[in-house]
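Notes to accompany the following structure.
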Amino acid sequence: MKVSGFSFIRNAVLYDYPIVEAIRSILPICDEFVVAVGKSEDDTLNLIRGIDSPKIRILETVWDDTLREGGRVLAVETDKALAAVSPDTDWAFYIQGDEVLHEKYLPVVRAAMEQHQDDRRVEGLLLKYLHFYGSYRYVGDSRRWYRREIRVVRNTGNVASYRDAQGFRTRDNRKLNVRLIAATMYHYGWVKPPEKQVRKLGNFGRYWHSDEHMDRLRQELTDFDYSTVDSLALFDGTHPAVMQPRIGRMDWQFDFDIRQKRLSPKNRVLKVIENLTGRRIGEYRNYRLI
């Protein structure tokens, strides 16, 4: 069984992406790792080159910044990386630049790949998610955060990134048939110094919003206000080992009263139902569970 990791990145230094930690977190179970590195305004290319592993293969790309509707350019860059994995790859393991897999889940993912390798009905593996917010102590626990996403796909040549690269479908737009596995991806996209979070949002927001909207946002904000979040919970687990140096460098303070809930009456009821049953009513699913 051959496993290829793949990802894309641009301006990782400027916007403080933990891309090195992301790659290193899944590298142990990958036979190769393809990184599409977009032409950047910082030293991202050398950052990726600095990962000391013969498994890394860099694909230098140029982003088409005219592909702004719905973050389409992100899917295009993802597809470039996926297309570059070795043809004899069985499973392609996708990770974004602000996601990290805890080392305790590596055997789980590997075992799931082996279990379903010969079952062609299974086109992908679905991972659970934890979304860290404000600091490494809190996770989002409201309905605004997606619970699951496809991160392992069978390398058939018929899989493409969907919309803004959150998930995958077949090239003719059919949802993939997937199995949910007992592994959780840690998402750190909302854990940055407030001034860097504003800088990141000001850059990436242009792929979803008009220039006028982004100009107003940049004028109004200098630091990101994490305290406006609707609902958080304390994280009582451990972070991946590759994240420990970054966590140790945290130089901003964020505290939140987890009793504080800014939820509509409808969402309060839906949250109670989800907590009791584990079901999220009305959840968007870009996949078919089998």
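State which residue is surrounded by the fewest Cβ atoms within 10 Å (Cβ to Cβ) when the search covers only segment 228-266 and only residues that are part of a loop (DSSP other than H, G, I, E, B) and hydrophobic (A, V, I, L, M, F, W, C). Selected residue: 258. A single member of 189, 202, 157 is farther than 18 Å from residue 74 by Cα and not β-branched (Val, Ile, Thr), and it is 157. Of all the criteria given as (1) assigned to a strand (DSSP E or B); (2) under 24 Å from residue 11 (Cα atoms); (3) aliphatic (A, V, I, L, M), the one not satisfied by residue 126 is (2).
For residues in segment 6-28 being of a type in the set (D, E, K, R) and over 17 Å from residue 239 (Cα atoms), which is surrounded by the most Cβ atoms within 10 Å (Cβ to Cβ)?
To start, the set of residues in segment 6-28 that are of a type in the set (D, E, K, R) comprises 10, 16, 21, 24.
With over 17 Å from residue 239 (Cα atoms) added as a condition, the list becomes 10, 16.
Values: 10: 26, 16: 19.
That would be 10.
Can you name the residue in segment 57-89 that is buried (at least 17 other Cβ atoms within 10 Å of the Cβ) and under 18 Å from residue 124 (Cα atoms) and, of all such residues, is farthest from the chain's Cα centre (by Cα)? Among them, the one singled out is 89. In summary, residue 100 fulfils each of the numbered conditions (1) buried (at least 23 other Cβ atoms within 10 Å of the Cβ); (2) closer than 22 Å to residue 278 by Cβ; (3) of a type in the set (A, V, I, L, M) with the single exception of condition (2). Of the residues making up segment 117-142, those that are buried (at least 21 other Cβ atoms within 10 Å of the Cβ) and under 18 Å from residue 89 (Cβ atoms) number 3. Of all residues in segment 149-177, those satisfying the criterion of being part of a strand (DSSP E or B), farther than 23 Å from residue 27 by Cβ and out of contact with any helix residue (DSSP H, G or I) (no Cβ under 6 Å at 6 or more places or on another chain) are 162, 169, 170, 175, 177.
Values in this text are rule-based calculations from the coordinates and carry no lab data. For clarity, every value in this text was computed on a predicted model and none was experimentally measured. We place every Cβ from the backbone using ideal geometry, glycine too, and count neighbours over all the protein chains shown.
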